[in-house]
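Notes follow the structure.
No lab work stands behind these numbers, since they all come straight from the coordinates. It should be emphasised that the depicted structure is a prediction, and the values quoted were computed from it without experimental measurement. Cβ sites come from the backbone with ideal geometry, for glycine too, and all protein chains shown count toward neighbours.
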Amino acid sequence: MELRQLKAFVVVAEELHFGRAADRLHIAASPLSRQIRSLERELKAALFRRTTRRVALTPAGRVLLERSRAILREVDVVTRTVAELATESTARVTIAFTRCAAQTLLARIMVTARRFGDLEVDLHTDLLTPAQLDAITSGAVDIGFLVRAGEPIPAGLRSHSLTAGALRAVVPAGHPLAQRAVIDIADLAAHDLISFPAPTRSVVREVTEKACARAGFRPRFAYEAGETAAILNLVAAGLGISLLPVPVDLLGPGLVHRPVTPEAGIEISMVWRDDEQRPPVLRLIAAIRRSTRPAPRTESREAAPLSTAP
């Protein structure tokens with residue numbers, strides 16, 4: 001069994017489509033299929049159920065996917081750690097933020113990171129929560145700062161709550177609801193809403209839907225957009241109202257935001273892999289935890305103290 005086979009298997013398992021997986025791997029579909037068949041012969045087990053319409057993992061495939069991800073993460077950790085030690089190069093840490101988390105925490109986190117003179121930070125500042133969780137799990141991101149709504153984090157990850165808050169209604173300045181100090185969520189039933197696309201599994205979208213359901217109605221999403229700035233542009237054009245985290249520092253002259261009742265609570269958490277071993281990452285996580293207070297809302301599986309020894 002070779003690492004390239006495991007990498008190919010993981011991509012096919014994530015895409016459940018040989019054509020898309022081949023595109024990601026920059027190879028043709030036929031060689032990819034041969035790699036998977038060779039792996040199945042070596043393991044003496046079918047990893048996928050293939051039909052003309054779909055590809056699905058078998059029980060053996062699901063087990064191999066979990067273990068393959070762990071193996072590939074470990075190889076990546078070993079490779080990066082040894083390279084950093086051997087060359088005495090600047091350690092590199094990849095950090096991701098949702099837009100809300102960046103607005104709230106980016107400067108503070110970067111000040112903390114700057115104290116480590118040998119640390120180079122790669123930043124991603126508008127990555128939605130589900131995409132971040134996937135990237136952290138795969139090893140593409142080391143530390144994520146993301147929006148949560150009390151839901152448990154996926155297995156294999158740890159979290160630390162940083163701030164608690166709530167969604168606010170963003171409306172055009174000339175809208176009748178803009179005259180209110182507080183907007184009742186039930187009153188949104190008569191208005192078009194704008195949010196992130198449902199397939200993105202955005203926490204903001206899910207909290208919006210649940211808040212509307214508790215108020216007794218199903219929200220009418222007139223428009224969807226994948227970025228906060230695009231949503232704000234649609235609201236400013238008078239095409240609807242949006243529930244978004246605060247602070248919203250992109251609000252222009254034509255927009256206002258108001259608190260809503262009942263509160264649609266959220267929190268911002270720092271998330272990393274449970275099996276993280278790279279000393280630079282662990283040191284930065286520990287420093288951030290020391291410099292921030294946990295949010296009043298405590299989440300499940302709060303992280304245990306970290307060892308920062310090399």
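Details
- In percent, rounded to a whole number, the relative contact order of the chain is 21, using alpha-carbon pairs under 8 Å and six or more apart.
- Cα-based convex hull volume of the chain per residue, rounded to whole Å³: 167
- 14 Å beta-carbon shell around Ile183, net charge (K/R +1, D/E -1): 0
- Cα-based Kirkwood hydrodynamic radius, segment 168-263, one decimal, Å: 13.1
- Residue with peak Gaussian network fluctuation, the chain [Cα springs, cutoff 10 Å], from Pro31, Pro259, Pro172: Pro31
- Here is what passes the span test in the chain: the DSSP H helices with alpha carbon length of 30 Å or more along the helix axis and a Kyte-Doolittle mean of -1.0 or above are 59-87.
- Given the chain, longest segment not containing exposed loop trypsin sites (Lys or Arg not before Pro) (DSSP; at most 12 other Cβ within 10 Å): 116-300
- Mean separation of Cα pairs under 8 Å and 6 or more residues apart, divided by the residue count, gives segment 168-263 a relative contact order of 49 percent.
- Taking Cα centre as origin and charging only the Cβ of basic (Lys, Arg, +1) and acidic (Asp, Glu, -1) residues, the dipole magnitude of segment 168-263 rounds to 160 debye.
- Entry note, the chain: the mean residue ellipticity at 222 nm calculated from DSSP H runs of n ≥ 4, each adding -39500 (n - 2.57), is -13000 deg cm²/dmol after division by the residues and rounding to the nearest 500.
- Placing unit charges on the Cβ atoms of the charged side chains and taking the dipole of segment 168-263 about its Cα centre, the candidate lying farthest along the positive direction among Leu234, Val203, Pro219 is Pro219.
- Residues Glu42, Glu15 in ascending order of nearby Cβ atoms (within 10 Å, fewest first): Glu42, Glu15.
- Measuring spread by the Cα atoms of segment 1-72 yields a radius of gyration and Dmax of 11.0, 31 Å.
- Applying 1/(1 + (r/R0)^6) with R0 = 30 Å to the Cβ-Cβ distance of Ser291 and Asp126 gives a FRET efficiency near 0.80.
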